[in-house]
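The values are calculated or read from the model by the stated rules, or taken from the named source; none is laboratory data. Computed from a prediction, not measured in an experiment: that's the story for all the values here. As a convention, Cβ positions derive from the backbone with ideal geometry for all residues, glycine included, and neighbour counts pool all protein chains shown.
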Amino acid sequence: MAADLGLNITGEGTPIVMVMGRNASGRVWDAHQVPGLVARGWRVATFDNRGSGGNINPEQQFHFNDLVQDVLTIIDQHLGEPAFLVGTSLGSRIVLEAARQRPDLVRGVVAAAAHARLTPLQIAQSKELVAVTDALSTVAPDYLAATTATLNLSPSTLLDDAASADWLALLTFAGQGSTVGLAQQIAADCGSDQSQHYPQIAVPVLTLAYADDRVIFPEQVRDVAQLIPRGGVCRVTSRRAFWLSGTPQRVQRTRA
């Protein structure tokens, strides 16, 4: 396992491992999901995927299966019993593959913004994302912040002048930061087709599709659910903020 995963385990009860998406620290879960799940009697493990948060090393090279093995190692060596897995976007691909490889370690899966593959347009966007981000962060930071908000916020937020202005100010102030880890994660997994693998998943899986998602479309999530023998899909009608921060109750109440 990578040396700097920043693993944090909170609470007592049935274990659940939360796996973030591309270029996002595991600390994102701390705002809503971790306290909500702990209050409901879960033991919650969060960490930084390789290439995100405190786990970025310019000299580090890794593959998609390394990300999967990190999750399985957390369960096997740190939790001591099978766990539920929750992932979003890239994190969904990681947890689904972990469930396929080691069903003995996985009780069930919640996969938000799951996708078996990326479309040609999505792949093209991903491959150029680092170059575009690096360029815009220097010459047009306001445009980069506005584009990021447009892709990640629901229409209800974008049409709220006060809320959208707050998000724009926050994103502009925060800046993009280093894209080293993002580039590494894209190189490790740029939406390779997993369709042939998902019918082999034996554990229960609930996929979450965001109706307003402009990055991973609800139809892609539905296709994943249809491939998995014990798969189901839940359509979330509003995504008011980045990742899962706008729908914490959905994950807290779900049992795979």
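Determine if the range 101-116 includes at least one residue that is surrounded by 24 or more Cβ atoms within 10 Å (Cβ to Cβ), over 20 Å from Ser52 (Cβ atoms), of a type in the set (Gly, Ala, Ser) and touching a residue at least 60 places away in the same chain (Cβ under 8 Å).
So far as the range 101-116 goes, no, none of its residues is surrounded by 24 or more Cβ atoms within 10 Å (Cβ to Cβ), over 20 Å from Ser52 (Cβ atoms), of a type in the set (Gly, Ala, Ser) and touching a residue at least 60 places away in the same chain (Cβ under 8 Å).
Give Leu121, Leu96, Leu85 a once-over and let me know the one that is modelled with pLDDT of 95 or more, aliphatic (A, V, I, L, M) and either within 16 Å of Gln184 (Cβ to Cβ) or part of a helix (DSSP H, G or I) (or both).
Unique residue meeting the criteria: Leu96.
Residue by residue through the range 159-213, note down the ones that are in contact with a Lys or Arg (Cβ under 9 Å, 6 or more places away or on another chain), farther than 24 Å from Val236 by Cα, in a helix (DSSP H, G or I) and among the hydrophobic types (A, V, I, L, M, F, W, C).
The answer is Leu182, Ile186, Ala188.
Among (1) free of Cβ contacts under 8 Å to residues at least 12 places away in the same chain; (2) part of a strand (DSSP E or B), where does Glu59 come up short?
Every condition holds for Glu59 apart from (2).
Can you find a residue that is hydrophobic (A, V, I, L, M, F, W, C), part of a helix (DSSP H, G or I) and surrounded by 21 or more Cβ atoms within 10 Å (Cβ to Cβ) anywhere in the range 3-23?
no
Sort out which residues of the range 172-229 are among the hydrophobic types (A, V, I, L, M, F, W, C), surrounded by fewer than 21 Cβ atoms within 10 Å (Cβ to Cβ) and more than 30 Å from Asp104 (Cα to Cα), and write them in order of number.
Phe173, Ala174, Val180, Ala183, Ala211, Val215, Phe217
Return only the number of the condition from (1) under 23 Å from Ala174 (Cβ atoms); (2) assigned to a loop (DSSP other than H, G, I, E, B) that Leu144 does not satisfy.
(2)
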